[in-house]
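Computed from the coordinates by the stated procedures, all read-outs in this text should not be read as laboratory data. Keep in mind it's a predicted model, so treat the numbers as computed, not measured. Cβ atoms come from the backbone with ideal geometry, glycine included; neighbour counts cover every protein chain shown.
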Amino acid sequence: MAQMIIDTANHIAGYAAKAARVKVVAAYPITPQTTVVEKIADFVENGEMDAEYIRVESEHSAMVACIGAAAAGVRTFTATSAHGLALMHEALHWASGSRLPIVMTVSNRAMGAPWSIWPDFSDSLSQRDTGWLQFYCADNQEVFDTIIQAYKLCEDERVFLPAMVCLEGFILSHTYMPVKIPDQEKIDNFLPPYKSGWMLDTNRPLSHSNLVSPEWYMEFRYMIQEAMENAKQLIPQIDREYGKHFGFEHGGLVEKYKCEDADLILLTMGTMGSEAKIAIDRLRKEGQKVGSVRVRVFRPFPIEEIEKLAENVQMFTAIDRHISFGMEGFLATEIKASIFNRKDHPLVAGFLAGLGGRDVTFETIEKIAKKSLKWMHDGKVERETEWVDLRK
Amino acid sequence: MSVTPKTRKEMPLTPISYPTVGSMGKTGSWRTFRPEIDYSKCTKCTLCWIYCPDAAIMRKEDDSPIIDYDYCKGCGICANECPTKAITMKREEE
Amino acid sequence: MVTIKELPKEEYLLKGHAACAGCGPAISLRLLFKALGNKVFLVVPACCTTVIQGPYPYTSFDVPLQNILFESTAAAASGIVAALRQRNLTDITVVGWAGDGGTVDIGIQALSGAAERETDFIYICYDNEAYGNTGMQRSGATPYGAWTTTTPSGKRERKKDMPLIMAAHRIPYVATACPSYPIDFINKLRKAKEIKGTKYIHILAPCPTGWRYDTGKTVEMGRLAVQTGLWALFEIEYGKFKLNPPSDRLIDKAKRKLVKEYFALQGRFRNLTEEDVDRMQKWVDDDWEKYRKLASNSTSDFASYGKI
């Protein structure tokens with residue numbers, strides 16, 4: 001039976017791990033992820049979830065235990081935030097290089113120093129180069145759906161890569177929203193049993209990942225890139241298929257809003273995507289031809305989608321919730337890179353907002369849009385990166 | 001046994017290596033000294049067999065040892081441990 | 001009590017591997033497989049054994065082997081054990097096989113966590129008393145006075161007592177071993193396999209490359225370590241401490257060879273002064289006073305879970 005529940009994104013992540021019939025969870029608590037593992041502990045101990053929860057002693061061990069379990073042939077799950085994710089960093093590389101379909105939720109939180117428990121994307125975006133797929137969710141329903149979709153995607157033989165499903169700390173992780181949990185039988189039909197590209201097996205002894213010389217290493221890296229390209233094709237397909245089965249779709253790689261005739265398109269990630277829609281509606285009432293795009297998948301980066309949008313637009317404005325110090329926001333950079341080689345490409349402006357959990361409302365976004373429109377009419381951006389509402 | 005892939009398509013998706021005798025080639029080429037067994041002194045105690053780090057000494061049916069010189073690195077443990085001094089280390093001829 | 005001749009002839013460490021000539025860990029690996037056969041999953045962190053496998057696409061190991069990050073042997077093993085349990089595969093022994101660096105230094109957190117969680121696997125530390133894979137830098141298991149590339153005038157701190165650290169975790173089986181005593185090591189492995197919970201075996205594995213002695217003397221070096229009392233062969237089974245032969249006869253100091261005999265044979269101890277040697281002789285004597293007390297207790301000396 002499908003059920004309608006009202007719960008936080010963290011708890012919903014637990015429901016999704018249960019629905020995906022995950023067999024081993026290895027995780028370590030960290031604000032604001034903690035309630036994910038608490039929910040899973042509940043499920044496992046009351047028998048609702050037929051799995052083992054390894055209460056590891058650090059996030060680094062959490063990721064490595066998942067690697068071990070996945071290599072030994074079962075579906076795995078973990079969850080973390082900020083410094084926990086950073087602590088796993090070398091293990092993230094190991095997981096993707098091992099081509100293991102691990103799925104992890106990241107309850108996004110700003111990196112320290114100094115300590116912050118509030119959301120931004122400095123944690124997950126810092127890991128963009130690790131060979132993990134990255135999804136950014138805008139509401140709790142999407143968190144559930146994306147986790148299920150991620151297992152199907154990652155365990156596809158054309159992919160076999162791990163994925164992180166990101167949800168902003170407190171804004172989603174601790175906020176109650178209605179979510180429809182589909183019927184388990186239907187989920188089982190959609191998501192087949194665990195599959196991976198290789199496994200430890202006494203019938204076929206092998207050594208995994210011993211030393212690879214320069215003679216071979218590049219080809220293994222090429223294969224990861226190839227898998228990312230395949231994922232780019234599969235993600236919209238799986239999203240549509242999921243929509244057909246369960247009634248919810250989230251835009252595939254990017255969720256477009258009123259972009260068809262837009263002169264200016266705002267690009268956001270996560271919950272800012274929802275706020276942006278309100279801003280767009282208000283600007284439209286004033287007669288402005290504006291639209292917004294929520295980049296749902298950051299890795300693989302939806303280059304082709306951006307290129308297509310670039311054809312009919314005068315300006316892109318990227319609103320980043322993280323900066324690469326010494327350069328600019330990641331979304332801004334990657335958008336510029338996606339369209340750079342076009343003969344005539346739109347202006348691109350980068351805005352930084354919401355770092356360390358500073359609230360980004362539709363009013364903030366409206367202000368960003370209005371400033372962008374002014375630059376658009378001027379034909380040039382005033383500066384490459386604009387920090388929004390910065391104290392003087 | 002492992003087969004060296006000839007093209008990228010033959011490579012596994014992640015580095016997987018299969019058990020191979022001589023993964024480092026014929027390691028007997030590392031030797032400076034080679035062990036030689038005087039079978040008249042050998043009591044077939046099998047100590048040389050168990051102590052060889054390279055599994056380069058095999059036990060025949062009657063427990064007498066036979067050295068695989070393709071892989072013996074000439075470490076000299078067998079000679080050092082043989083209770084009847086039946087094994088001596090001789091310098092490899094050029 | 002098995003004899004050497006009764007040991008199986010099958011080799012699961014294949015000849016032609018990349019270990020140095022005279023490698024103590026390599027002997028230990030062969031003994032591991034003689035004891036347990038090939039129904040094992042081996043977890044190997046960055047260490048000498050990483051290199052011993054040889055390069056892709058070949059490996060010298062004829063058992064399933066997962067290479068893993070340096071600090072995480074026990075974490076990977078924890079994941080594997082859970083997965084096998086979920087798949088109902090009960091006849092596979094999961095073995096963590098790590099060097100001293102990956103056990104007493106960078107790997108100690110994961111090991112401590114796995115032991116506290118009562119993870120059902122065998123963890124073996126093969127100890128060549130330095131970071132061998134990277135060229136013999138000091139580790140927490142390097143003994144006092146030893147030259148290493150990062151302690152060129154000799155280490156000033158003592159060797160970490162890892163077996164007793166593991167016993168404090170209340171695990172059901174802790175043992176020390178040495179490849180110079182193959183039957184003792186094999187018996188311990190076979191016993192460990194039958195026990196539920198975390199089993200820890202610490203094997204002193206002499207290393208001619210790091211310890212600077214002639215390659216043929218590896219087995220002799222291990223024997224001397226035991227005969228001087230610098231390395232004691234013991235078991236702590238469900239908390240009960242017991243010395244194994246020949247260490248059980250060495251409680252009498254007169255029966256122990258002097259430690260200077262051991263140091264004299266190894267280039268890494270070339271810098272020891274007479275004062276150093278006296279100090280180290282006293283430490284050994286103190287350790288053996290401790291072992292004497294532990295061995296003479298009629299009750300358990302350590303707590304342990306899983307006691308029958």
Near A:Lys256, which aspartates and glutamates are there with a Cα under 18 Å away, not counting those fewer than 8 places off in the same chain? A:Asp139, A:Glu142, A:Asp239, A:Glu275, A:Asp281, A:Glu304, A:Glu305, A:Glu307, A:Glu311, A:Asp320, A:Glu334, A:Glu366
In straight Cα distance, which aspartates and glutamates are under 15 Å from C:Lys193, not counting same-chain residues fewer than 8 positions off? C:Asp91, C:Glu118, C:Asp120, C:Asp184, C:Glu235, C:Glu237
Taking the Cα centre of the range C:4-296 as origin, work out the dipole magnitude from +1 charges on Lys and Arg Cβ and -1 charges on Asp and Glu Cβ, in debye rounded to 20. 400 debye
Of all DSSP beta bridges located in the range A:3-246, what percent are antiparallel, nearest 5? 20 percent
Output the direction-averaged projected area (hull surface divided by four) of the convex hull of the alpha-carbon atoms of the range A:100-207, in nm². 9.4 nm²
Tell me which of C:Ala35, C:Ile80, C:Ala18 sits at the most positive position along the dipole axis of chain C, charges placed on C-beta atoms (Lys, Arg +1; Asp, Glu -1). C:Ala35
Estimated dipole of chain B in Debye, rounded to 20 [Cβ of Lys and Arg +1, of Asp and Glu -1, Cα centre]: 320 debye
Put a dot 7 Å past each Cα toward the Cβ at C:Ser300 and C:Glu194; how far apart are the dots in nm? 1.9 nm
For chain B, any Cys whose C-beta has no other cysteine C-beta under 4.7 angstrom counts as unpaired, and these are B:Cys42, B:Cys45, B:Cys52, B:Cys72, B:Cys75, B:Cys82
Let me understand the range A:3-246 better: what is its radius of gyration from the alpha carbons, and its Dmax, in angstrom? 17.0, 54
Report the percentage of all Cα-Cα pairs in the range C:1-160 whose separation exceeds 23 Å, rounded to a whole percent. 42 percent
Here the Kirkwood hydrodynamic radius of the protein assembly as shown, Cα-based and in Å, equals 28.9 Å
Classified through the alpha carbon gyration tensor (a ≥ b ≥ c as square roots of its eigenvalues; rounded if a/c is under 1.5, else prolate when a/b is larger than b/c, else oblate), the range A:97-145 comes out oblate
Could you point to the residue in A:Leu355, C:Ala115, A:Ala231 farthest towards the positive end of the protein assembly as shown's charge dipole, with +1 and -1 charges on the Cβ of Lys/Arg and Asp/Glu respectively? C:Ala115
Would the range A:255-387 count as rounded, prolate or oblate if I go by the C-alpha gyration tensor, calling it rounded below 1.5 in a/c and otherwise prolate when a/b exceeds b/c, oblate otherwise? rounded
Based on the alpha-carbon gyration tensor of the range A:3-71 and its eigenvalue square roots a ≥ b ≥ c, which shape applies: rounded if a/c is under 1.5, prolate if not and a/b is larger than b/c, or oblate? oblate
Give me the aspartates and glutamates in straight-line cross-link reach of C:Lys282: C-alpha distance below 13 Å, same-chain residues under 8 apart excluded. C:Glu274
For the range B:82-88, take each phi angle, set θ = phi - 60°, evaluate the Karplus expression 6.51 cos²θ - 1.76 cosθ + 1.60, and give the result in whole Hz per residue in order, putting x for glycine and proline. 4, x, 9, 6, 7, 10, 10
Of the listed pairs C:Lys15/C:Lys217; B:Lys44/C:Lys15; C:Lys260/C:Lys293; C:Lys155/C:Lys188, those with alpha carbons more than 27 Å apart are C:Lys155/C:Lys188
With a 26 Å threshold on alpha-carbon distance, the violating pairs from B:Lys85/C:Lys242; A:Lys277/A:Lys336; C:Lys9/C:Lys39; B:Lys41/C:Lys39; C:Lys159/C:Lys255; A:Lys285/A:Lys371 are B:Lys85/C:Lys242; B:Lys41/C:Lys39
Based on the inverse mean of 1/r over its pairs of different Cα atoms, what is the Kirkwood hydrodynamic radius of the range B:28-91, in Å? 11.4 Å
Scaled radius of gyration (Cα, divided by 2.2 N^0.38 Å) that chain C gives: 0.95
Please count, across the range A:3-246, the pairs of lysine residues with Cα atoms under 22 Å apart that sit 8 or more places apart or on different chains. 21
Cα-centre dipole for chain A with unit charges at Cβ (Lys and Arg positive, Asp and Glu negative), debye to 20: 600 debye
Specify which residue in the list B:Pro35, C:Pro182, A:Gln134 is farthest towards the positive end of the charge dipole of the protein assembly as shown, using unit charges on the beta carbon of Lys, Arg (+1) and Asp, Glu (-1), about the Cα centre. B:Pro35
In square nanometres and to one decimal, what's the mean projected area of the convex hull around the Cα atoms of the range A:268-343? 5.7 nm²
Estimated vicinal HN-Hα couplings, Hz - the range C:151-166 in sequence order (Karplus 6.51, -1.76, 1.60; Gly, Pro = x): 10, x, 9, x, 5, 9, 10, 7, 5, 5, 8, 5, x, 6, 4, 5
